[in-house]
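The values are calculated or read from the model by the stated rules, or taken from the named source; none is laboratory data. Here the structure is a predicted model, which means the values were calculated and not measured. Positions of Cβ are generated from backbone atoms using ideal geometry, with glycine treated the same way; all protein chains shown enter the neighbour counts.
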Amino acid sequence: MSTVRLSALDVALVVGYLVGITAFGVWLGRGIRGGRDFFLAGKSLPWWAAGMSLVVSDIGAKDMIGLAGDGYRYGIVMMNFDFIGCIFPVLIAAFLFMPYFWLAGVYTVPEYLGRRYNLGVRTFFAVIWVLFMMGTLGTIFVSAAAMFEGLLGWSFWFSVMLTAVVVGLCTALGGLRAVVFTESLSCIVLTAGAALICGLGLAKAGGWAHLRETIGQMSWTQHHLSLLPPADHPVYPWPAVLLGLGFVLGPAYWIGNQAIVQRTLGTRTQNEARAAYVFCAAIKLVFPILLVVPGLVGLALLGTELGQPGEDWDGNRVLPMLVVRLLPPGVLGVVMGAFFAGVISNLDSYVSSASTMVVTDLYRTFIHRRATDRECLQVGRWMVVAFLIGGVAISYPIKRGFGSVFEAFQTFLSFFQGPLLALLLLGMLTKRATPWGGVAGMIIGVSTSAVLNSAEWLLGVPGGVPFLWTAWWSFVAALAGVAVVSTFTSGHDEDRLRGLVCWLPSEQRNKP
Amino acid sequence: MTFMTGFVGAHSLLAVASGADWIGKAAFIGVFVALIVLLASLPAKMLGETERRPPLWRNVRAWAILVAVAQILIYSFWG
């Protein structure tokens with residue numbers, strides 16, 4: 001793949017963006033006095049900033065590139081990851097789940113699980129998330145470096161160090177407030193960049209009607225223009241999309257992911273937290289179109305060159321090839337800025353959330369129970385640096401086996417998503433779920449994921465079980481585990497559960 | 001083991017039972033219709049709303065319903 005030749009205007013736009021966003025982040029860091037300011041932005045975030053931040057916490061540069069490749073391979077079914085997989089759970093989270101995180105006054109999702117169930121459940125999920133976030137940091141560094149190497153010809157280490165320094169300065173000095181406001185800026189740049197690729201690509205392909213006609217004439221694309229492929233589709237059958245993605249993976253991500261929940265915990269009021277979620281959902285009506293349509297444009301314009309996807313086919317080439325061939329000077333600078341925005345916003349979300357969980361769920365729980373707010377701030381800042389150093393350190397080994405390592409991390413997380421959602425759902429909706437029920441649900445759900453993930457050799461299921469079905473059945477198994485074991489064990493008393501369960505409002509806590 | 005194969009078999013049955021494509025569209029639209037009903041019926045007290053109803057453009061619940069309606073339209077046309 002040939003690299004992009006940036007004009008002076010493009011370079012100025014990219015450098016201006018990087019310097020501007022770093023200075024903005026550092027400036028926002030003034031006035032941070034303690035852990036509450038650092039981890040929850042002093043509960044001062046406006047709804048619009050938190051909403052835009054939610055969008056770019058979810059979508060990074062690797063998603064822009066990956067979704068274009070998947071759009072080329074599978075068509076508009078990929079938009080479901082943002083429609084039923086995001087908008088539906090985000091609206092549910094806003095009105096049913098968020099109020100209980102908010103009223104509980106927690107900093108993290110594991111902290112809520114600890115109060116609702118017990119310390120074991122809290123620590124288990126905190127450790128899982130921290131490990132996953134560390135691995136994800138490494139994979140984001142690698143995918144960003146691969147992108148910059150392919151597009152700009154930069155070396156691996158230059159790309160990794162540059163992004164680490166920008167993210168480190170913004171996050172370690174500015175905390176959540178800097179993360180959210182720089183991400184709002186990134187959301188605007190990312191939207192502009194994606195819209196430019198989509199608009200210019202559609203124009204080049206002769207408009208939407210001509211694009212449909214071109215794709216319709218191909219022999220292997222009969223489901224490309226349907227949002228809901230038939231029930232026997234090998235990868236995305238609609239029942240699995242609805243049950244696995246819409247009812248389990250989507251809600252688990254948007255309700256149980258610390259990187260997401262932390263933004264809404266930092267808003268000024270509960271109503272602003274709800275508005276942030278709804279604003280995010282509104283933006284997500286447009287984003288999947290901007291990210292998937294370039295894949296279809298790539299199919300129409302580059303189909304003869306890239307061919308029909310097979311086993312060794314590399315979907316990550318689609319978007320960079322479109323960028324190189326379609327975009328004029330000036331526009332290229334905005335799109336490169338969008339790629340940087342995606343990388344930086346993804347990284348700072350994970351670094352900030354991981355440091356919050358380490359301080360809240362591990363340091364203050366096991367190491368220094370009486371740590372002051374000021375001490376937590378210092379540890380939080382050092383954890384940001386430590387996570388970035390860790391992410392940089394493991395990026396090189398990840399680079400050597402990127403495909404398999406990235407897949408391993410995704411599979412690793414998918415083991416826990418269904419059980420996590422089951423515990424949150426029953427924990428918030430019923431006071432009958434007991435601590436031992438939580439532990440049992442966690443173990444049964446994770447075991448089910450592991451067995452279904454190995455179904456091909458363990459149960460003799462040809463081709464294995466699609467991951468969306470694995471998510472669904474692990475969720476069902478965890479629900480059943482919590483329900484059954486809770487029947488035979490005793491739970492917390494009502495007073496302890498006030499504000500944590502939806503039928504026990506916290507304002508009654510002190511009533512006689 | 002029988003328990004696990006039961007799980008795997010159940011999703012195959014579900015896939016066969018849901019063979020007609022219109023059922024898929026109806027299911028997705030149904031989910032958003034149910035969401036709209038849920039949002040509209042949530043008690044104001046649960047959302048911390050005061051007795052005075054906010055103007056429509058500042059009503060988060062109304063905006064959420066609008067987004068869900070947009071999803072119904074999207075699945076109606078592209079589903």
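Key figures
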item: Test: A:Ala471 is closer than 26 Å to A:Pro234 by Cβ, within 12 Å of another protein chain (Cβ to nearest Cβ) and either in contact (Cβ under 8 Å) with a residue 12 or more places away in the chain or touching an Asp or Glu at 6+ places or on another chain (Cβ under 6 Å) (or both); result: yes
item: Yes/no for A:Leu504 being at pLDDT below 90, in a helix (DSSP H, G or I) and more than 16 Å from A:Leu423 (Cβ to Cβ); result: no
item: Selected residue (criterion: nearest to the other protein chains (Cβ to nearest Cβ)) from residues of segment A:258-274 that are surrounded by 21 or more Cβ atoms within 10 Å (Cβ to Cβ) and not in a helix (DSSP H, G or I); result: A:Thr267
item: Filter result for the condition that a residue is at pLDDT below 90, surrounded by fewer than 23 Cβ atoms within 10 Å (Cβ to Cβ), within 14 Å of chain B (Cβ to nearest Cβ) and under 30 Å from A:Leu228 (Cβ atoms), over A:Leu103, A:Leu96; result: A:Leu96
item: Among the candidates A:His224, A:His210, residue that is crowded, with 20+ Cβ neighbours inside 10 Å and farther than 25 Å from A:Gly25 by Cβ; result: A:His224
item: Restricting segment A:310-339 to residues that are of a type outside the set (Phe, Trp, Tyr) and part of a loop (DSSP other than H, G, I, E, B), the residue that is nearest to the chain's Cα centre (by Cα); result: A:Asp314
item: Some residue of segment A:404-421 being within 14 Å of another protein chain (Cβ to nearest Cβ) and at pLDDT below 95; result: yes
item: Every residue from segment A:275-309 that is outside any helix (DSSP H, G or I), surrounded by fewer than 21 Cβ atoms within 10 Å (Cβ to Cβ) and within 14 Å of chain B (Cβ to nearest Cβ); result: A:Leu285, A:Val286
item: Qualifying residue in segment A:54-74 (condition: free of Cβ contacts under 8 Å to residues at least 24 places away in the same chain, on the phi < 0 side of the Ramachandran plot and not β-branched (Val, Ile, Thr)); result: no
item: Residues (within 10 Å of chain A (Cβ to nearest Cβ) and of a type in the set (Asp, Glu)) located in segment B:45-79; result: B:Glu49
item: Test for B:Val31: is it at pLDDT 85 or above and more than 10 Å from every other protein chain (Cβ to nearest Cβ); result: no
item: Residues of segment A:92-142 satisfying the condition of being closer than 25 Å to B:Pro43 by Cβ, out of contact with any Lys or Arg (no Cβ under 9 Å at 6 or more places or on another chain) and among the β-branched types (Val, Ile, Thr); result: A:Ile92
item: Number of the exception - A:Ser449 against (1) closer than 27 Å to A:Met98 by Cβ; (2) without any contact (Cβ under 8 Å) to a residue 40 or more places away in the chain; (3) within 11 Å of another protein chain (Cβ to nearest Cβ); (4) polar (S, T, N, Q); result: (3)
item: Enumeration of residues in segment A:318-373 that are closer than 16 Å to A:Phe38 by Cα, surrounded by fewer than 24 Cβ atoms within 10 Å (Cβ to Cβ) and of a type in the set (S, T, N, Q); result: A:Thr360, A:Thr372
item: Some residue of segment A:166-187 being more than 14 Å from chain B (Cβ to nearest Cβ) and surrounded by fewer than 17 Cβ atoms within 10 Å (Cβ to Cβ); result: no
